[in-house]
Amino acid sequence: MNPIEEKIREEAKRLLDEKKVDVVIGYETGTLPLQTAPCFITSSDEIDRLVWNPCCKQNLAIYVHSALSQHRESQKRVKPEDKTDKVVAVVARGCTSRSLVIHLQEKQYNREDVVIIGIPCQGYIDKNKLEAGVDGLEVIAGSIDGDAVKVETSKGKTELSLIEVTADNCLECRFCNPVIHDFMAGEAIPAYESDDEFAVVDDFAALPEAERWAYFSAEMNKCMRCYACRNICPSCYCKVCFVDQSQPEWVGAGVNPSDNQVFQIMRMFHMAGRCVDCGSCVEVCAEGVDLRKFLKKLDKDDLDLYGHRAGAELDKEAPLSTFRENDEEAFIFEPE
Amino acid sequence: MQKNPYIPAPVKVEKIITEVETKDIKTFRLTFLNQEDKDAFAYLPGQFAELSIFGKGESPIGIASSPTDPDYVEFTVQKAGVVTTALHDFEEGALMGLRGPLGNSWPLEYLKGKDIVLVGGGFAFTTIRSLIKYMLDDRHRADFGKITAVYGARNPGLLLYRDELALWQERDDIDMHVTVDKGDENWTGLEGFVPTVCQDVAPSSDNAVTLICGPPIMIRFTLPVFFDLGFSKDNIYTSLEMRMKCGIGKCGRCNVGSKYVCLDGPVFSLAELDKLTPEY
Amino acid sequence: MTTETKTEKWEPRIVALVCNWCTYAGADLAGISRLQYPPNVSLIRLPCSGRINPFYVVKALQHGVDGVLVSGCHPGECHYISGNLAARRKFAFLQNFLNYIGIEKDRAIFTWVSASEGEKFARVITEVTEKVRALGPATKLIKELDCV
Amino acid sequence: MEAKLIKKAALGEIVKKIAGQKPVYAPIKEGSKVHFKFLKKGESPFLDYANTVNAPKNLFFPQTETLMHYTKTARGSELVEESETNGEMVLFGVRPCDVRSFKLLDMVFDQKKYSDPYYVDKRERTTIIALACRQPPYSTCFCTSVGGHPAQADGADILISELDDDYLVEFLSPKGEKLVKLFGDLKAADDQALSRKKELSDEAVAAIKSHIPATEIKTWLDNNFEHPFWDSIHQGCLACGTCTYLCPTCHCFDIRDEAQGDDGIRLRAWDSCMYSIYSLETSGHNPRPGQKQRWRQRLMHKFKYFVDNYDAISCVGCGRCVMSCPVNTDIRKIVNDIAQLN
């Protein structure tokens, strides 16, 4: 057991035993090699399920949101004297904490409703990189040994370096430590200082228009509209998503290429100033759609135009919740 | 080759009757454009059909008319979703589609020779109306014993089929009780909730079957009344509602346990429902 | 809609989403002043540019229009004080994003036209029509109904 | 029944040859993922695959399918008469588990009272060529627990089994026999080949390491619709529906209309019991209001309701849902946990 894991368990045990929280949301070992699953611990007898390693990938903030909003919903028909509070503890890395900040900024719940067990994080193993690393074969067994990922496939054993299978968003992450926390399960670590965080955007933008469109439409054609990207995203918490509305019906129900594109454009557009680049949407996609290339553009505009990074500071307003008189308007058309 | 069960038959909206003061419930009388479609549409009271409006979609609605009036099919529809709103905007003469008949019917064979107690509440009176019209028809009346019916609505303005109700109240081959939760200045009939009226009417459970159709809250309070009167669960029938799409047991969503409401229902006895999961 | 654009005498079809308090009145003024401008634009009046959901722009393109124009009040002149300032940020993101994924910049154009700028309105429409005409018929994002 | 032998290297060319005559739906590799897709002209199928990401049900029951066209006339909206298509197709490279899924889907779509013409039509004009598993493709495979077999493909028209240097090709139905010519001048299989097939087949069965007590939990499911067990299994579930979309036996769909100007279509699109709006009624009432109820529905449907109705488990043990779940919710673990409660 690594020291961080140990501290997470200790803190979870304390919170549960002292009845400070109702549930601790963390990660547990999955049933498949090199995978973890979100877990929900309500009794300190179960704290040994909690783990922390580079296979912990999901951004757990969405579970905090759903637990608290479901609780609030359940309290609606309860007499005032019988109402209960619910406090959720969550194991949070940098990106998770930024998502929590967004929830707090958007008044989804109160700060005291969530206890943040902060984790210094060096990144997680990217499913797609791992898959490419073993040429699409199934990983039958795997383990992490220092900087090496040892995997076994039907074609035998191989070893990959951890850094080569670490997700791109993690390698460029400036928030390796949580931006807010109530407890830190480990010493803060230096952030990766990527030289050019937005190289992925600049390279893509440099391509001819037709090539950009060809890439975008080909990627969106892969989408099978399962909405896993939307459902894992902590910033996608609308009670009724626009794709589920029937009056008006914004997007057709079928996998029409145009509807796929429109769905993804609008979902991504909702992420303007709200995407923390946690990579969860990419990670959950069964078809491996390259969403990050496009989301990162919104990220870049957020920074370039409004000097803002999603969820980085609790008291700094998101770009689309505010404005300035002298905002950039070079794009406004003026006739000659 | 078997007929494609997804293709609706073309029908014309022959007549539109606004049923209630709030104008959000109308009865649509539909006639088939093709004789073969009309012949194929052989139905019994309690069945439903998919009303089909191209560009909007389909909506499953219980059939309100009786097969004893063979010239047309009627549906009483509340304006609620996309399809029903479009339907309410129709004018007489409009063309639309009809797919069915679907589902099972009220258990007519089982009801033969028995006393019948019908209980309806609010808007959910449509398939009971179909059954009443069927049973009161000269060709069928002798098949059934005493017919007692209790129908209630929140106020007189919300009662469906008011002319027919008045006619039925005149007749002596049906004991018709119409009640409202709260009457207005012109109301001379019963006032009170359906369960209470059932209690007062107190039909005998001897060789009798009751068919109950109404909002869940009404059903919840009416059932104990019938248990007290000695009705067994085999002799209490109701009609379920569920979100449906295909209507032919394929698309999946309307199951209650292993039964599909569209295929095995919508009519179930309480005894049958007890064997299913409580998800409806 | 899409077949129409493929005929030889193609004329650009443009949808303009405009604010009721400024651009719409500006269009009126252009009309009263008998100013000439191309007939390619269908005007849709909304209460404020702040009310214009960016989705409207995307949906218009999906339905096969060749260009979308969005026009509101000049900064500082919003009838609701700041609707246009909030809109400005949304549209900055939107135009950048649409262009980034490969949709021509001139398919979605944003501008300010006040109630007194009848002449500017006519010029905007003329120039926007020419810009869109130069791009040719829209081909991206358009929904073809039949599937499989 | 005929059984023949072909050299291993020859198979790809044979499939290409068939594809020259009729549309062939086969495994194709793009990037690191393998999908069932239509072979393009001159394209070779990818034979060295474990199984495909998507299930082959897509061929008979596409994710989106136009049911009918309509157009506006002076009288109102009317159906457009369609001309029927009926070309023959070939589905190549189906694993035995996926072949089994067709038998299960047939139970739903090909019924006496209501037969689904869209599914049945495509199903009838398709010849299924199955490829037996010499080894279970994945460690998550559990076909033998749900009535399947890695090397037998009841329902296939042709079964191809990998031997040492050859493929054994068995023509199992008249539909399959019609394709014999396209396989070229083949050597008849001798007894040695047949007994080698049997050996390998037994090895494949023995190699399956994943087992679930799928039939054993039926009694528990019959009696425990309400049980605290259901309170926890759904917690991590994102309600994304990936499991149902990739499942070879899931068949729920939605019917929608789409219009453009005066013309329109009625289409059907896959739907999923994992979605909140799936069972939401217009009134706002939802009989399955939470993910707990939806998860229970999915499990019950596969292991109880389907068994009640058709006497078969609606799962073929392909493991796609296990491998693709974004949060690693594992149906094998859930079934095993239920068995522990028994």
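The values are calculated or read from the model by the stated rules, or taken from the named source; none is laboratory data. Remember, predicted model here, so these are calculated numbers, not experimental data. Cβ sites come from the backbone with ideal geometry, for glycine too, and all protein chains shown count toward neighbours. SASA here: full protein model, heavy atoms, side chains in, ligands and nucleic acids out. Shrake-Rupley method; radii C 1.70, N 1.55, O 1.52, S 1.80 Å.
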Worksheet item: Around D:C250, with a cut-off of 11 angstrom between Cβ atoms, what is the net charge of the other residues, counting Lys and Arg +1 and Asp and Glu -1?
Response: +3
Discussion item. Please list, by residue number, every one of the trypsin sites (Lys or Arg not before Pro) in the stretch D:151-189 that is coil in DSSP and has at most 15 other beta-carbon atoms within 10 Å.
Written reply: D:K178
Worksheet item: Which entries in D:K37/D:K103; A:K129/D:K122; B:K133/B:K250; C:K90/C:K120 show an alpha-carbon gap greater than 30 Å?
Response: A:K129/D:K122; B:K133/B:K250
Discussion item. Could you tell me the relative contact order of chain A? Use alpha-carbon pairs under 8 Å, at least six residues apart, and round to a whole percent.
Written reply: 16 percent
Item to complete: In whole angstrom, note down how far apart the Cα centers of the stretch D:320-342 and the stretch A:152-167 are.
Response: 26 Å
Worksheet item: Roughly what angle does helix C:118-135 make with the longest principal axis of chain C, taking Cα atoms, 0 to 90 degrees, to the nearest 10?
Response: 20 degrees
Worksheet item: Out of every Cα pair in the stretch D:2-207, what percent are spaced more than 29 Å from each other?
Response: 28 percent
Worksheet item: Which residue, chosen from D:S173, D:G148, D:V108, occupies the Cα position most advanced towards the positive end of the dipole of the stretch D:101-188, where the dipole is computed from +1 (Lys, Arg) and -1 (Asp, Glu) charges on Cβ about the Cα centre?
Response: D:V108
Response to the item:
The Cα extents of the stretch D:218-341 along the principal axes, largest first and rounded to whole Å, are 59, 34, 31
Worksheet, complete the sentence: In debye to the nearest 20, the charge dipole size for the protein assembly as shown, taken about the Cα centre with +1 at each Lys and Arg Cβ and -1 at each Asp and Glu Cβ, equals 780 debye
Worksheet item: For the stretch D:2-207, with only Lys/Arg (+1) and Asp/Glu (-1) charged at the beta-carbon, what is the dipole magnitude about the Cα centre, in debye rounded to 20?
Response: 480 debye
Worksheet item: Given 37 °C and 0.692 mPa s, how large is the Stokes-Einstein diffusion coefficient of chain A in µm²/s, with Rh as the Kirkwood radius over Cα pairs?
Response: 153 µm²/s
Discussion item. With Kirkwood's inverse mean 1/r over C-alpha pairs for Rh, give me the Rg to Rh ratio of the stretch B:9-102, two decimals please.
Written reply: 0.93
Item to complete: Let me know the mean shielding of D:58-65 by other chains, meaning the per-residue number of their Cβ atoms within 10 Å of its Cβ.
Response: 3
Worksheet item: Cα centroid distance between the stretch B:20-88 and the stretch C:81-148, in Å?
Response: 45 Å
Worksheet item: Taking the mean number of other Cβ atoms within 10 Å as a proxy for protection, how do you rank D:24-37, D:310-323, B:136-149, B:189-202 from highest to lowest?
Response: D:310-323, D:24-37, B:189-202, B:136-149
Fill in: Dipole of chain A [Lys/Arg +1, Asp/Glu -1 at C-beta], most positive-end residue of A:I144, A:L60, A:A214
A:L60
Discussion item. Restricting things to Cα coordinates, could you compute the convex hull volume per residue of chain C in Å³?
Written reply: 105 Å³
Response to the item:
With the 8 Å Cα cutoff and a minimum separation of six or more residues, the stretch D:218-341 has a relative contact order in percent of 28 percent
Discussion item. What are the ³J(HN,Hα) couplings of the stretch B:93-109, residue after residue, when phi is run through the Karplus curve with 6.51, -1.76, 1.60 and θ = phi - 60°? Round to Hz, x for glycine and proline.
Written reply: x, 5, 9, 8, x, 9, 10, x, x, 10, x, 8, 10, 4, x, 4, 4
Practice prompt. Tell me which residues come under 5 Å, amide H to amide H, from B:L118 once H is placed; ignore anything under 5 positions away on its chain.
Written response: B:T148, B:A149, B:V150, B:L211
Worksheet, complete the sentence: DSSP beta bridges in the protein assembly as shown: the antiparallel percent, rounded to 5, is 60 percent
Worksheet item: On the accessible surface of the protein assembly as shown, probed at 1.4 Å, how many percent belong to carbon and sulfur atoms?
Response: 50 percent
Worksheet item: Which value results when the Cα radius of gyration for chain B is divided by 2.2 N^0.38 Å?
Response: 0.98
Item to complete: Check the straight Cα-Cα distances from D:K209 and name the aspartates and glutamates below 17 Å, setting aside those fewer than 8 residues away within the same chain.
Response: A:E138, A:E152, D:D330
Worksheet item: Membrane-span-like helices in chain D: DSSP H runs reaching 18 Å or more (Cα, own axis), mean Kyte hydropathy at least -1.0?
Response: D:96-109, D:191-207
Worksheet item: Counting Lys and Arg as +1 and Asp and Glu as -1, what is the net charge of the other residues whose Cβ lies under 12 Å from the Cβ of B:R154?
Response: -3
Practice prompt. Of the listed pairs C:K59/C:K143; A:K155/D:K57; B:K259/D:K333, which have alpha-carbon separations greater than 21 Å here?
Written response: A:K155/D:K57; B:K259/D:K333
Fill in: Accessible area per residue, Å², the stretch B:108-239 with all protein chains present, probe 1.4 Å
46 Å²
Worksheet item: Mind listing the phi-derived Karplus ³J(HN,Hα) values for the stretch D:224-240, rounded to whole Hz, using 6.51, -1.76 and 1.60 with θ = phi - 60°, and x for any glycine or proline?
Response: 10, 4, 9, 7, x, 4, 5, 6, 10, 5, 8, 4, x, 4, 8, 6, 7
Fill in: Radius 10 Å from Cβ of C:A115, net charge of other residues (Lys, Arg +1; Asp, Glu -1)
-3
Worksheet item: Roughly speaking, what is the centre-to-centre gap between the stretch D:199-248 and the stretch D:15-45 when only Cα atoms are used, to the nearest Å?
Response: 32 Å
Worksheet item: Calculated from DSSP H runs of 4 or more alone, at -39500 (n - 2.57) each and per residue, what is the 222 nm mean residue ellipticity of chain D, nearest 500?
Response: -8000 deg cm²/dmol
Practice prompt. Kindly rank B:155-165, A:99-109 from highest to lowest mean number of other beta carbons found within 10 Å of each residue.
Written response: A:99-109, B:155-165
Response to the item:
With the convex hull built on the alpha-carbon atoms of the protein assembly as shown, volume per residue in Å³ sits at 213 Å³
Discussion item. Quick check on my link table: of D:K22/D:K197; D:K29/D:K175; D:K29/D:K113; A:K293/A:K316, which ones sit more than 32 Å apart, alpha carbon to alpha carbon?
Written reply: D:K29/D:K113
Practice prompt. Calculate for chain A the 222 nm mean residue ellipticity that helices alone would give, adding -39,500 (n - 2.57) per DSSP H run of length 4 or more and normalising by residue count, nearest 500 deg cm²/dmol.
Written response: -10000 deg cm²/dmol
Worksheet item: D:K181: which aspartates and glutamates have alpha carbons under 13 Å from its alpha carbon, excluding same-chain residues fewer than 8 sequence positions away?
Response: D:E2
